[in-house]
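The values are calculated or read from the model by the stated rules, or taken from the named source; none is laboratory data. Keep in mind that what you see is a predicted model, and the values were worked out from it rather than measured. Cβ atoms come from the backbone with ideal geometry, glycine included; neighbour counts cover every protein chain shown. Calculation scope for accessible area: heavy atoms of the full protein, side chains included, ligands and nucleic acids excluded. Shrake-Rupley method; radii C 1.70, N 1.55, O 1.52, S 1.80 Å.
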Amino acid sequence: DPFMALWFSCVYPYESLVEFGSSDEALIRIRPRLDRHTAACFEEVCRQQVRQEMSRWGCVRVGRQWGAGYEIDVAGVNESNELAVVGECKWSERPVGVSVLRELRTKIVDHQLPLAESAQFVLFAKQGFTPELERVASDDDRLVLASFS
């Protein structure tokens, strides 16, 4: 439950600081935890978005995928257990650039992940994308950019 996670990771540890009037000190300590919590919630919202359109992506299951040395924020597999959609979610103040796409593709190659022939790549961003990445996406119908800015 995201609310319970927020309470126990951000509020509860510093509750006494707030109670005794040190709210500025509490905020300094809470802010980094709150950013991490929000980023994790953002990733889950992105996965839910892909789940709502599983047929569009050709998926039978959607979640995260990780192994020794890698993590993929959004991984949807088809009936053959191949990656039909792979994505990254970036909760950042800066626009997402081409390097994120390169890193995602490198993870797949380096870890020999089974990629469907028609696999799609989706990048989610809080603050949009660089013009360079938008140009790449305009030339690649297998790349979807989703911004919440």
Inset, instruction - For Gly58, indicate whether it is at positive phi, among the small types (Gly, Ala, Ser) and surrounded by 13 or more Cβ atoms within 10 Å (Cβ to Cβ). - result: yes
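Does Leu133 satisfy the criteria of being open to solvent by less than 20 Å² (accessible area, probe 1.4 Å) and in contact with a helix residue (DSSP H, G or I) (Cβ under 7 Å, 6 or more places away or on another chain)?
Values: open to solvent by less than 20 Å² (accessible area, probe 1.4 Å): yes; in contact with a helix residue (DSSP H, G or I) (Cβ under 7 Å, 6 or more places away or on another chain): yes.
Spelling it out, Leu133 is indeed open to solvent by less than 20 Å² (accessible area, probe 1.4 Å) and in contact with a helix residue (DSSP H, G or I) (Cβ under 7 Å, 6 or more places away or on another chain).
Results for (1) in contact with a Leu (Cβ under 9 Å, 6 or more places away or on another chain); (2) of a type in the set (Phe, Trp, Tyr); (3) surrounded by 13 or more Cβ atoms within 10 Å (Cβ to Cβ); (4) closer than 17 Å to Glu44 by Cα, shown as yes or no for each residue.
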| site | (1), (2), (3), (4) |
| --- | --- |
| Gln65 | yes, no, yes, yes |
| Tyr70 | yes, yes, yes, no |
| Asn81 | no, no, no, no |
| Gly87 | yes, no, yes, yes |
| Arg94 | no, no, no, no |
| Leu101 | yes, no, yes, no |
| Pro114 | yes, no, no, no |
| Glu117 | no, no, no, no |
| Val122 | yes, no, yes, yes |
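With among the β-branched types (Val, Ile, Thr) and surrounded by fewer than 12 Cβ atoms within 10 Å (Cβ to Cβ) as the only criterion, which of Val144, Val109 stands out?
On the way: Val144 fails: surrounded by fewer than 12 Cβ atoms within 10 Å (Cβ to Cβ).
On inspection, the qualifying residue turns out to be Val109.
For (1) on the phi > 0 side of the Ramachandran plot; (2) under 19 Å from the mean Cα position of the chain (by Cα); (3) of a type in the set (A, V, I, L, M, F, W, C), each residue gets a yes or a no:
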site	(1), (2), (3)
Ser80	no, no, no
Pro95	no, yes, no
Leu101	no, yes, yes
Ile108	no, yes, yes
Phe129	no, yes, yes
Glu132	no, no, no
Val136	no, no, yes
Legend entry - Of all residues making up the range 32-54, the number that are at pLDDT 90 or above and more than 13 Å from the chain's Cα centre (by Cα): 4
Inset, instruction - Please enumerate the residues belonging to the range 4-60 that are in contact with a Lys or Arg (Cβ under 8 Å, 6 or more places away or on another chain) and under 17 Å from Phe124 (Cα atoms). - result: Phe42, Glu43, Arg47
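Please enumerate the residues belonging to the range 61-96 that are under 13 Å from Val122 (Cβ atoms) and either among the small types (Gly, Ala, Ser) or free of Cβ contacts under 8 Å to residues at least 12 places away in the same chain (or both).
If we filter the range 61-96 for residues that are under 13 Å from Val122 (Cβ atoms), which is where we start, we get 62, 72-76, 83-90, 96.
Listed by number, the residues that qualify are Ala75, Gly76, Ala84, Gly87.
Looking only at the range 8-20, count how many residues are part of a helix (DSSP H, G or I) and either touching a residue at least 60 places away in the same chain (Cβ under 8 Å) or farther than 14 Å from Ala40 by Cβ (or both).
Quick first cut of the range 8-20, residues part of a helix (DSSP H, G or I) only: 8-19.
Now drop any that are not either touching a residue at least 60 places away in the same chain (Cβ under 8 Å) or farther than 14 Å from Ala40 by Cβ (or both), which leaves 11-19.
Residues in the range 8-20 being part of a helix (DSSP H, G or I) and either touching a residue at least 60 places away in the same chain (Cβ under 8 Å) or farther than 14 Å from Ala40 by Cβ (or both): 9 in total.
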